[in-house]
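Please read the structure below before turning to the comments.
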Amino acid sequence: MEQIKVLIVDDEPLIRNALGTILATDQRIVTLESVDNGLKAVEFCRDNKVDVVLMDLQMPVMDGVEATREIKATRNSPAILAITAFSSDDYLVPVLAAGAGGYLVKDTEPAEIISAIHAVHNGTAAISPSVSSDLVSAIQSAYRDTSQEVRDLIEDLGLTAREVEILNLLANGLNNTEISRKLKISEATVKTHMAKIFSKLEVRDRVQALVAATRMGLIEIPRDQ
C-alpha cells in the first residue's frame, strides 16, 4: 500500500496538532513533519521527499502563497493543498495561481480533508464548495472581458452550450454525481464533457478550468450566494 507523505504547515500549534490527529485516522497517510511558517516548509521540501503539503496562508516569515510559489518552482514538487480559516480574495486566487491543487477552509469535515489529500495526490483538484462562489467573484473582479470577446472565445474554443452549463455547475461546487443528477445525464457522460472541457481550455483539472472559464466570462455567480 503506497503511503502519502504529508507536511503540515501552520503557525498555530493547536491547528497543527488537530490536523495531525485527523491525518492519523487514514492508514495511507504519514505525517512527516509539522512546521510553523512557509520558509521552513520550503526548506523541508527541498531536503525531503514530500507528496502533499497542507499549507496555511497567513503565517509569519513567509506566507503560504509565497511558499507555494517557491515549492512549485522546484522539480518533482509535492502537491499543495491550501487550508485556511477564511476565503479572502487576497489569498484565494493567488495561491491557486501559484500552483496549489486545492483550497479548503478549516471547518471542513475531517473526512473531506482526508479525501482532498488523496485527490490532490492523484492530480485531481479539491476545493471547498463554500468558497467556489468566492473564487468566481474574485476572478471576475480581476478579469473583465467584453461580450463580443466572450462570444469570439466560445466560438474559437468550440465550447458547447452544455459544456458552459457544466462549468457553471462546477462553479457552484457540484461534483460529477451531483451534476449528472441536475442535468439528468449519466455520470459517464459528465466525465466525457469534463474531459472535452479540459482539452478545449487547455487545462489539467477542475480548478484550472474554473479559473480559465471565469476569466473568459463564461461563469455566472449564483444569485442566492
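Some points to look at:
- A single entry from T31, T25, T74 fulfils the requirement of being within 20 Å of A126 (Cα to Cα) and under 22 Å from the mean Cα position of the chain (by Cα): T31.
- Answer residue from segment 152-186, given it is at pLDDT below 85 and loosely packed, with under 12 Cβ neighbours inside 10 Å and is farthest from M216 (Cα to Cα) among those: A161
- Count - residues of segment 200-223 that are closer than 23 Å to I80 by Cα and free of Cβ contacts under 8 Å to residues at least 12 places away in the same chain: 3
- Summed over segment 65-116, the residues that are among the basic types (K, R) and touching a residue at least 60 places away in the same chain (Cβ under 8 Å) give a count of 1.
- Within segment 80-124, considering residues that are surrounded by 24 or more Cβ atoms within 10 Å (Cβ to Cβ) and of a type in the set (G, A, S), the one nearest to the chain's Cα centre (by Cα): G102
- Among the residues of segment 30-39, none qualifies, meaning not one is outside the structural domain of V211 (by TED's automatic domain parsing) and at pLDDT below 95.
The values are calculated or read from the model by the stated rules, or taken from the named source; none is laboratory data. Since the model is a prediction, treat every value here as computed from it, not as a measurement. Quick reminder, even Gly has a Cβ in these numbers, built from the backbone with ideal geometry, and neighbours come from all protein chains shown.
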